[in-house]
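All of the numbers you see were taken from the coordinates with simple rules; none came from a lab. What you see is a predicted model; the values in this text were computed from it and never measured. Backbone-built Cβ (ideal geometry, glycine too); neighbour counts: all protein chains shown.
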Amino acid sequence: MAKLRGTGIAAVNYPTGMNLGGDPSQALIHATTSGSFVVSLSSSDLGQGLRTVIGQIAAETLGVAADEIVIDTADTDTGPHCMGTFASRATHRVGNAVRAAALEARAALLDVAAEELGACAEEIVTDGHGNLLVAGDPRRCIPIAEMASKAQFTYGRTIAGRGSYMKPKSPVDPETGAMDPDSTEAHACTVAEVEVDTETGQVAVLSIRSAYEVGRQVNPALVRGQIVGGAFMGMAHALYETTEPYYPSVEHKPKDFSEYVLPGPAELPEIDAVVLEIPSSTGPYGVKGVGEMTANSPIPAIVNAIYHACGVRVDDLPVTPEKILRGLEAR
Amino acid sequence: MASVIVNFELCGRDVEVLVQPMATLQSVLRNQLGHTATKEGCRQGGCGSCTVLVDGEPMLSCLLPVEDVAGRRVTTLEGITPIDGLDPIQEAFLESNGFQCGYCTPGMVMVTRALLDHDPQPGREAIVEAISGNLCRCTGYQPIIDAIEKAADRLSGSGEQTGER
């Protein structure tokens, strides 16, 4: 009886978005009279921070501060069409729609500013501090908030933009099965260290360390949040979670939340990651999706580490103490 | 059964509610008193998202008949949130990204409040113990533990001494 340590490695190549029968997302943007910009969408923020990163993409494209953006989303009665938040698609596909809408709204803003400032639209720039000015002549300048109000009350114009991003349906080649379902791919590699107690079959995960390549990070803090939370969830899938512990038998099936086995903060391993940014050619500002993939590579890395530690290869999840003890007995 | 009148102190104010016997404090807080920070997660004491303080102790309001708090002092997240700005614990959660969807956050903040009231400088083990009845499915707990350490440092003054933010 001993506590045996092992190290395992696994990698993931993760698609951003999926095929569907063509996958459209739309966005609408309009300026209010106070100079804030409302982004209308139908894409849900599940807590991953979609509203934040979409706001950043809109602000960057419009040339206004992020706190001037109001995200109005997830009301399917009123919002423009979106297929949804899944397959790590939203920052990329919705972000592209938002960027297109913001470009159109920005053009409308520059047009009216050109008239106000007596210049051509091509000469108008934003200064990053909420002002519109004539390039090379910064004295000819007007705050965006004032211009937005004037556009509506003096010029009778809207400052608005429409955006759509469509991933066309990709047919399957009947000969080879080849298709192009995703928009881009992100990558990660995880190394996990475990300690297996051969007397109890308990596995303690000591560390989960990963390297990620996720395209341009719109918001590095949110990317890290996905990676850390995803690593913990991967560990939960690897060792604890199941609704059918003896599938197809329903024995010992959890009957409610209180019987569903989950790791808690006491099981938290050391989690760390480095992030490499290789911008994608298709995403807004080079983004890729980094959501679901974060719970993927930790699972095989942990299972491989268990094999390395004690020679037991378990190929159905979760790897419970019972499976380890039976595996040790069979050796 | 006939409704009963229950009086208790909620966030420093006396309140009186007419309730069905065995109505939970959690449902009364949300549905009768408008204190919606207290979340309804599992409704069986398994997730901690409904945690409030009763006489300063963290309790699961989804398992607590409101008659049991008659004459007692109940504090919800609303009670520790200043009119302007945030409580230092809330600030620390914000700075550490100690939440994603936010559903567990009110409960986490309330157990942190109780922990720091009892033990202003808790070690990591005490922090883990304090939040072990509160589930978070987004963060992996690490940012929450970081937030509690940060709040403890700041509230006990050691953060300023070491020059940490």
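Points worth noting:
- Working from Cα pairs under 8 Å separated by at least six residues, relative contact order for the range B:88-160 is 48 percent.
- Helix-only [θ]222 nm of chain B, DSSP H runs n ≥ 4, -39500 (n - 2.57) each, per residue, nearest 500: -10000 deg cm²/dmol
- Kirkwood hydrodynamic radius of the range B:4-80, from inverse mean 1/r over distinct Cα pairs, in Å: 12.0 Å
- Degrees separating the helix B:105-118 axis from the principal Cα axis of chain B, which is the longest one: 70 degrees
- Fully extended contour minus Cα-Cα distance, from A:E199 to A:A330, at 0.36 nm per residue: 45.7 nm
- Using a simple spin-label model with pseudo-atoms 7 Å out from Cα toward Cβ, B:R137 and A:S249 lie 2.8 nm apart.
- Set of aspartates and glutamates near A:K255 by C-alpha distance (under 16 Å), chain-local residues within fewer than 8 positions excluded: A:E241, A:E244
- Computed from phi, the 3J(HN,Hα) profile of the range A:168-179 under the Karplus parametrisation 6.51, -1.76, 1.60 (θ = phi - 60°) reads x, 4, 10, x, 7, 5, x, 6, 9, x, 5, 7 Hz, with x in place of Gly and Pro.
- Nearest-0.05 FRET efficiency for A:A66 and A:M179, computed from C-beta distance (R0 56 Å): 0.90
- Orientation-averaged projected area, Cα convex hull of the range A:23-167 (nm²): 8.5 nm²
- Where a label projected 7 Å from the Cα of A:T32 along Cα→Cβ would reach, residues of the range A:72-101 with amide N under 16 Å: A:72-73
- Residues B:K150, A:K253, A:K150, ranked from the fewest to the most other C-beta atoms within 10 Å, line up as A:K253, A:K150, B:K150.
- Segment A:E115-A:S207, length gained on full extension (0.36 nm per residue, minus Cα span): 27.1 nm
- Cα Rg, Dmax (largest Cα-Cα span) when computed across chain B, Å: 16.2, 60
- Cut-off 11 Å (backbone N to label point 7 Å along Cα→Cβ of A:M18), residues of the range A:55-87: A:86-87
- Each 10 Å bin, from zero up to the one with the longest distance, holds this percent of the alpha carbon pairs of the protein assembly as shown: 4, 16, 21, 24, 20, 11, 4, 1, 0.
- Beta bridges assigned by DSSP with both partners in the range A:183-331 are antiparallel in approximately 60 percent of cases.
- Taking the fewest neighbouring Cβ atoms within 10 Å as the starting point, the ordered list for A:L276, B:L155, A:L206 is A:L276, A:L206, B:L155.
- Convex hull (Cα only) mean projected area of the range A:102-179, reported in nm² to one decimal: 7.8 nm²
- On Cα atoms only, tilt of A:321-330 relative to the major axis of chain A in degrees: 40 degrees
- Summarised in one figure, the compactness ratio Rg/Rh of the range A:244-287, Cα atoms and Kirkwood Rh, is 1.33.
- Sequence of A:V290, B:V74 once ranked by neighbouring C-beta atoms within 10 Å, starting from the fewest: B:V74, A:V290
- Restraint check, A:K167/A:K288; A:K253/A:K323; A:K288/B:K39; A:K3/A:K253, Cα-Cα greater than 22 Å: A:K288/B:K39; A:K3/A:K253
- Diffusion of the range B:88-160 by Stokes-Einstein, at 37 °C in a medium of 0.692 mPa s and with Rh set to the Kirkwood radius over alpha-carbon pairs, works out to 278 µm²/s.
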